[in-house]
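Student: I'd like to ask some things about the structure below.
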Amino acid sequence: MPHEPSTPEPVPATDDPVAGTDTTAPSSPSSATANGAVTRVPLIALCVTEITSWGILYYAFPVLAPDINHDTGWSTGAITAAFSAALVLAALGGIPSGERSTGTAPGCS
């Protein structure tokens with residue numbers, strides 16, 4: 001007799017007063033529909049948002065650099081260096097900020 005794969009047991013919900021104690025949580029942290037099927041809509045929305053925001057950031061900088069140069073009197077090199085330094089500081093600050101918000105270091109579970 002062939003062995004049929006078993007369905008995973010539902011994970012009990014936490015004692016969250018909003019969710020109630022008689023509900024069950026999805027077995028994964030992804031979004032699930034009423035029938036238990038996983039939807040990728042939040043992931044797709046995040047991808048589109050990230051691509052759009054980074055695209056706006058990078059394409060807007062060279063367009064706005066002449067105006068910044070005119071308004072501040074800074075050279076284009078100084079403006080570009082400041083923009084680059086801001087990106088490096090944001091990258092370096094993202095790791096400790098993430099550790100503080102999640103309590104774990106990158107790559108640790």
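What follows is calculated from the coordinates using simple rules that are stated; it is not laboratory data. Please read all numbers here as calculations on a predicted model, not as lab measurements.
Student: Whole-Hz ³J(HN,Hα) for each residue in the range 85-102, computed from phi via Karplus 6.51 cos²θ - 1.76 cosθ + 1.60 with θ = phi - 60°, x for glycine and proline: what do you get?
Tutor: Listing the rounded values in order: 4, 5, 5, 5, 5, 5, 5, 5, x, x, 5, x, 5, x, 4, 5, 6, 9 Hz.
Student: Please compute one quarter of the surface area of the Cα convex hull for the range 36-97 and express it in square nanometres.
Tutor: Seen from a random direction, the Cα hull of the range 36-97 projects 6.0 nm² on average.
Student: Determine ³J(HN,Hα), in whole Hz, for all residues of the range 40-49 in sequence, where each value follows from phi through the Karplus function 6.51 cos²θ - 1.76 cosθ + 1.60 and θ = phi - 60°; x replaces Gly and Pro.
Tutor: Couplings: 9, 4, x, 5, 5, 4, 5, 4, 5, 5 Hz.
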